[in-house]
1. To the nearest 0.05, how large is the calculated FRET efficiency for residue 201 and residue 242 if R₀ is 22 Å and r is the Cβ-Cβ distance?
2. Give me the distance in nm between label points sitting 7 Å out from Cα along the Cα-to-Cβ direction at residue 382 and residue 8, one decimal.
3. If R₀ is 30 angstrom, what is the calculated FRET efficiency for the pair residue 109 and residue 153, using the beta carbon separation as r and rounding to 0.05?
4. In a Debye calculation with equal point scatterers on the alpha-carbon sites of the chain and no solvent, what is log10 I(q)/I(0) at q = 0.08, 0.12, 0.13 Å⁻¹?
5. Just the number, please: Stokes-Einstein D of region 248-353 in µm²/s, Kirkwood Rh from C-alpha pairs, 25 °C, 0.890 mPa s.
6. Which value results for Rg/Rh of region 195-286 when Rg is the Cα radius of gyration and Rh the Kirkwood radius based on the inverse mean 1/r?
7. Quick one: in region 54-170, what % of C-alpha pairs are over 19 Å apart?
8. Return the Cα extents of region 1-81 along principal axes one, two and three, sorted largest first, each rounded to a whole Å.
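Taken together, the values in this text are just the output of simple stated rules run on the coordinates, not laboratory data. The structure displayed is predicted, hence computed values, not measured ones. For neighbour counting, all protein chains shown are included, and Cβ atoms are generated from backbone atoms with ideal geometry for every residue, glycine included.
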Amino acid sequence: MRSALLGVALLVLGFVAIAVRILPVDDALAVADRVWPILLFVVAITVVTELAAEAGLFTVIAERLAVWGLDRAWLLWILVVLLASASTIFLSLDTTAVLLTPVVVLLARHVGLPPIPFALTTVWLANSASLLLPVSNLTNLLAERELDLGGPAQFAALMAVPAIVAIVIPSVVLFLVYRKDLLRRYEPGDGDRPDDRVLLIVSGIVVALLVPALVSGVEVWIPAVIAAVVLGGFFLARRPAVLKFGLLPWQLVLLASGLFLVIEAAHSLGLTDFLLSIAGQGTGVADLLRLTGLGVAGANVVNNLPAYLALEPVAGDPLRLAALLIGVNAGPLITPWASLATLLWHDRLKSLDVTISWWRYAALGLLVVPLTVIPATLLLALVH
């Protein structure tokens with residue numbers, strides 16, 4: 001609810017900026033034309049993943065991982081790393097943070113393992129694994145239009161090496177920190193059967209078809225909306241009580257809309273010139289590292305979305321935009337407000353009675369962020 005109230009306040013500020021002509025109407029309309037497909041995709045993919053989770057799809061996958069883990073905690077954890085990475089890459093970071101987190105926490109408890117290493121895995125990879133594809137993160141969808149590379153494959157080619165680094169290094173750090181909890185055996189239990197096998201099968205088919213559609217080069221909101229309508233139709237016929245207004249991420253839509261207007265107004269007041277003076281304009285290693293560092297700082301001081309929106313105009317070049325994405329995607333692992341996904345993840349943990357100290361979270365983040373973003377940026381510069 002706090003996100004929604006903040007979004008309303010930002011929208012009011014944005015409309016005031018339009019009314020007093022700080023933000024020209026044409027510029028505001030251009031922002032709206034740019035972001036409506038992105039926000040529609042966010043709404044549709046959220047509905048699809050929420051309904052798939054309600055059908056038990058993620059739970060069934062997690063229970064299968066427990067079998068494949070062969071009673072070894074480290075192997076089960078590696079499978080969770082792969083699942084969290086795939087979920088983030090193809091279904092967005094919010095899916096991993098919000099829907100996968102309770103599944104892996106309950107899975108860990110079910111087999112007698114501590115939940116914290118698994119919970120941290122989902123939130124770290126929800127952020128850091130979101131570099132590879134446009135659909136992985138809202139910032140990527142915004143950057144894709146600026147980059148104009150031709151499609152998801154070209155985007156992935158640009159971001160592939162940093163994306164691998166941003167998955168591997170946080171995972172290695174997590175394993176080393178929690179190795180005592182992971183170098184042990186567990187006893188797999190009996191899984192719960194889904195309430196409605198038809199909805200489970202349909203959800204699996206819809207998600208399986210949606211994933212390649214999202215990387216096909218078609219505007220991503222189109223397959224996402226089709227998938228949401230199809231899955232929603234089955235739930236309407238079989239479990240209509242699930243179809244509630246709460247399925248829609250309206251708080252995120254309000255917050256993002258307000259941020260878009262306010263940041264655009266700030267650019268009209270000279271924010272771009274100020275940021276140019278500290279962000280530089282070159283594509284050398286030092287310039288890229290500076291931009292990545294600003295992205296990390298902006299994300300952890302304010303939030304990754306406004307940090308991206310503020311710094312996007314001073315990036316311009318594909319390499320600089322890629323460096324910025326490294327900062328705002330792989331960098332928000334220090335403060336709890338650095339990304340909306342982290343806040344949503346924490347709410348899920350509270351509902352599951354899992355407690356983690358924000359001081360410990362920040363300390364681990366201060367360790368892993370430099371170890372991740374610096375090599376990722378250096379390799380970006382080296383490869384491209």
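1. 0.85
2. Once both label points are built, they end up 5.2 nm from each other.
3. For residue 109 and residue 153, the calculated efficiency is 0.15.
4. -0.40, -0.92, -1.08
5. Working: Rh = 14.4 Å.
Taking Rh from Cα pairs, D becomes 170 µm²/s.
6. On the way: Rg = 21.0 Å, Rh = 17.3 Å.
Reported Rg/Rh (Cα atoms, Kirkwood Rh): 1.21.
7. Every Cα pair in region 54-170 considered, those over 19 Å come to 46 percent.
8. So the extents along the principal axes, rounded to whole Å, are 65, 21, 21.
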